[in-house]
Amino acid sequence: MAGYTGSKDDYLKRLRRVEGQVRGIQRMVEGDEYCIDILTQVSAVTKALQAVSLGLLEDHVAHCVVDAARESDDAAAAKVREASDAIARLVRS
């Protein structure tokens, strides 16, 4: 079971909202809207995706890392490394 299972509906709701925002940005570009207005919407989508990412990361640590720590030190170390790599990717993006 995934660590985010309990929040799955919330994540899907947020992602559908992001999807709608992206479609709105596409329409803005097609309609030759003002650049700054488009960038404002891109920023909003970026923040929404960051919120999803942080929530998933929190769920991963609370569920997957904690479960691995109960299993063994090696399993815990692997999950912590996995989480650290994910954080590094998020910071670079």
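One table, with the values for the structure above:
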quantity: Looking only at the stretch 18-56, and only at residues there that are of a type in the set (Asp, Glu) and assigned to a helix (DSSP H, G or I), the one that is nearest to the chain's Cα centre (by Cα); calculated: Glu19
quantity: Tally of residues being in contact with a helix residue (DSSP H, G or I) (Cβ under 9 Å, 6 or more places away or on another chain) and among the small types (Gly, Ala, Ser) across the stretch 25-67; calculated: 5
quantity: Of residues in the stretch 26-57 being β-branched (Val, Ile, Thr) and under 23 Å from Arg92 (Cβ atoms), the one surrounded by the most Cβ atoms within 10 Å (Cβ to Cβ); calculated: Val45
quantity: Every residue from the stretch 76-86 that is within 30 Å of Gln21 (Cα to Cα) and either of a type in the set (Lys, Arg) or touching a helix residue (DSSP H, G or I) at 6+ places or on another chain (Cβ under 7 Å) (or both); calculated: Ala83, Ala86
quantity: From Asp73, Asp59, Asp67, residue being farther than 21 Å from Val22 by Cα, under 17 Å from the mean Cα position of the chain (by Cα) and not basic (Lys, Arg); calculated: Asp59
quantity: Lone unmet requirement of (1) at pLDDT below 95; (2) surrounded by 13 or more Cβ atoms within 10 Å (Cβ to Cβ) for Val91; calculated: (2)
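Residues are listed down the side, and each one gets a yes or a no for (1) among the polar types (S, T, N, Q); (2) without any contact (Cβ under 8 Å) to a residue 12 or more places away in the chain; (3) more than 16 Å from Tyr4 (Cβ to Cβ):
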position: Tyr34; (1), (2), (3): no, yes, yes
position: Ile38; (1), (2), (3): no, no, yes
position: Val45; (1), (2), (3): no, no, yes
position: Val65; (1), (2), (3): no, no, no
position: Ala69; (1), (2), (3): no, yes, yes
position: Lys79; (1), (2), (3): no, no, no
position: Ala88; (1), (2), (3): no, yes, yes
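The values are calculated or read from the model by the stated rules, or taken from the named source; none is laboratory data. Owing to the predicted nature of the structure, the values given are computational and were not obtained by experimental measurement. Cβ coordinates were reconstructed from backbone atoms using ideal geometry, including for glycine residues, and neighbour counts include every protein chain displayed.
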